[in-house]
Every structure is written in C-alpha cells, then in structure tokens.
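Everything below concerns the one structure shown next.
The values are calculated or read from the model by the stated rules, or taken from the named source; none is laboratory data. What you see is a predicted model; the values in this text were computed from it and never measured. Note that each Cβ is placed from the backbone with ideal geometry, even for glycine, and that neighbours are counted across all protein chains shown. Accessible surface is based on the protein model in full, side chains and every heavy atom, while ligands, DNA and RNA are left aside. Shrake-Rupley method; radii C 1.70, N 1.55, O 1.52, S 1.80 Å.
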Amino acid sequence: MTKDERTLRERAHEVDATLRVGKGGVDAVAGELESQLRDRDLVKVKFLRAARGGTTTDELAERLAEQAAADVIETRGNTATYH
C-alpha cells in the first residue's frame with residue numbers, strides 16, 4: 001500500500017455514506033457516483049441487503065467502480081469508499 005492509499009483510507013473513516021445501493025442495483029447509481037466524485041474526493045456507498053442478494057459487497061463494489069470509472073479505496077462491512 002502506498003502512502004497516498006494509506007492517507008485516503010485514513011480520510012475515509014471521516015466520510016459519511018452519501019449513496020445507497022438498493023434493489024435497483026449498481027446500474028441505478030453508477031451515474032450518481034460519477035457525479036458525486038466530480039464534486040468531492042471521496043464518496044462512501046452503502047450496499048443494502050436488497051442489493052447484495054447472492055453476491056458479496058466486494059463484488060458489488062468492484063462492479064460499481066467499473067461502471068463509474070472510479071477506484072475502490074476500501075470495503076468495510078456493507079460499505080465501500082471510492083476515489
């Protein structure tokens with residue numbers, strides 16, 4: 001892990017989740033994530049139970065990152081932080 005990655009992870013603890021992924025899935029929020037990342041450096045996303053279904057939070061986080069052209073900083077529990 002680089003120093004920049006470590007710094008982003010430390011800052012991620014202070015960020016509140018501003019986006020929630022529900023039964024509409026990651027397709028429904030990819031555009032909103034892109035929009036929020038234009039306005040701020042870090043965005044935290046909470047994956048609700050309805051979105052997870054038979055997949056893991058890590059899998060959903062990666063799929064959302066691909067669609068929104070973002071980087072996953074970390075996943076913790078049911079949340080992921082993007083840069």
Condition test on residue 64, is it in contact (Cβ under 8 Å) with a residue 40 or more places away in the chain, buried (at least 20 other Cβ atoms within 10 Å of the Cβ) and over 14 Å from residue 14 (Cα atoms)? yes
Given the structure, is residue 18 buried (at least 17 other Cβ atoms within 10 Å of the Cβ) and modelled with pLDDT of 95 or more? no
Residues of the stretch 28-52 being in contact with a Leu (Cβ under 9 Å, 6 or more places away or on another chain) and over 19 Å from residue 9 (Cα atoms), which ones? 29, 30, 32, 51, 52
If you go through the stretch 67-77, how many residues are surrounded by 18 or more Cβ atoms within 10 Å (Cβ to Cβ), outside any helix (DSSP H, G or I) and of a type outside the set (Ser, Thr, Tyr)? 2
What are the residues in the stretch 23-51 that are in contact (Cβ under 8 Å) with a residue 24 or more places away in the chain, of a type outside the set (A, V, I, L, M), in a loop (DSSP other than H, G, I, E, B) and under 19 Å from residue 76 (Cβ atoms), if any? 41
Could you list all residues from the stretch 30-61 that are open to solvent by 50 Å² or more (accessible area, probe 1.4 Å) and closer than 11 Å to residue 18 by Cβ? 32, 39, 40, 46
Anything in the stretch 1-41 that is over 26 Å from residue 55 (Cα atoms) and of a type in the set (Ser, Thr, Tyr)? List them, or say none. 2, 7
